[in-house]
Amino acid sequence: MNRGHRAQKGKNTLATATVERQISLPQIEIRKLQITLIGDSPLISHKWSDKAKKMMLDKQMKQANTGKEAKNPEQDFLDSLYPLPGGRGYGFPCVAFKSAAVSACRFVDGAKMTEARGAFHVQGELSPILGDPPTPREDMVRIGMGTADIRYRGEFKNWRTTLDITYNARAISEEQVVNLFQVGGFGVGVGEWRPEKDGSYGRFHVATQEEL
């Protein structure tokens, strides 16, 4: 009986024992940075139009194909642009500029793309494109099995944009962030026919104080 009583008492002691731990989390040092990018070559915009997205969806849903519509160069040009809310001109996806900077890690010693993706962010959805208004351009392209087609897209010949950036100062420095955009502007670019896609369009550099 005594042995059984002692065993039961030990069991209860173990069941009611609790361990309290205090977890200390290191603070994330978030800082803000604003940089202006100046285009070194024309920026070609190519937004997916509502018509193109509907055609893709209809194909995936096995909808009947109504055939190709007659080309409308002016509408294709307008559909390729990213209008800003309230008719305030046009912009370009902020994520495209971040992607250029992240891809630039391939050309910077010690920089890793996986780490850069989480070390800084470009705020907003569209960054306003300032400078000359967009003009339509006509290009011959190859689509599926070498078939030729004509594309009408918007082109910004002289352009600049200002990005609002937040970054984790414990993971990356301000100088490193700016350098990634500088390298990305030269070797990666944004938009259609950029250096990353064997073209020379959409190149840019970080504006200097004199240029600002």
> Is one or more of the residues making up the range 147-154 aliphatic (A, V, I, L, M), at pLDDT below 95 and in a strand (DSSP E or B)?
Replying inline: yes
> Are there any pairs with C-beta distances below 6 angstrom linking a residue in the range 148-166 that is more than 23 Å from Val122 (Cα to Cα) to a residue that is of a type in the set (Asp, Glu) and in a strand (DSSP E or B), with the two at least 6 apart or on different chains, and if so which?
Replying inline: Arg151/Asp139; Tyr152/Glu138
> Do you know which residues across the range 1-41 are of a type in the set (Gly, Ala, Ser), loosely packed, with under 10 Cβ neighbours inside 10 Å and modelled with pLDDT of 55 or more?
Replying inline: Ala15, Ala17, Ser24
>> Can you pull out every residue in the range 87-105 that is of a type in the set (Gly, Ala, Ser) and either within 23 Å of Thr166 (Cα to Cα) or at pLDDT below 95 (or both)?
In response: Gly87, Gly91, Ala96, Ser99, Ala100, Ala101, Ser103, Ala104
> Out of all the residues in the range 159-212, which are closer than 16 Å to Lys32 by Cα, aromatic (Phe, Trp, Tyr) and in a helix (DSSP H, G or I)?
Replying inline: Phe181
>> For the range 194-212, give me each residue that is of a type in the set (Phe, Trp, Tyr) and either modelled with pLDDT under 95 or touching a helix residue (DSSP H, G or I) at 6+ places or on another chain (Cβ under 7 Å) (or both).
In response: Phe204
>> Please count how many residues of the range 155-195 are among the acidic types (Asp, Glu) and surrounded by fewer than 17 Cβ atoms within 10 Å (Cβ to Cβ).
In response: 3
> In this structure, is Gly110 over 13 Å from Ser45 (Cα atoms) and not in a helix (DSSP H, G or I)?
Replying inline: yes
> In the range 113-146, how many residues are part of a strand (DSSP E or B) and among the hydrophobic types (A, V, I, L, M, F, W, C)?
Replying inline: 7
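The values are calculated or read from the model by the stated rules, or taken from the named source; none is laboratory data. The model shown is predicted, which means the values in this text are computed figures rather than measured ones. As a convention, Cβ positions derive from the backbone with ideal geometry for all residues, glycine included, and neighbour counts pool all protein chains shown.
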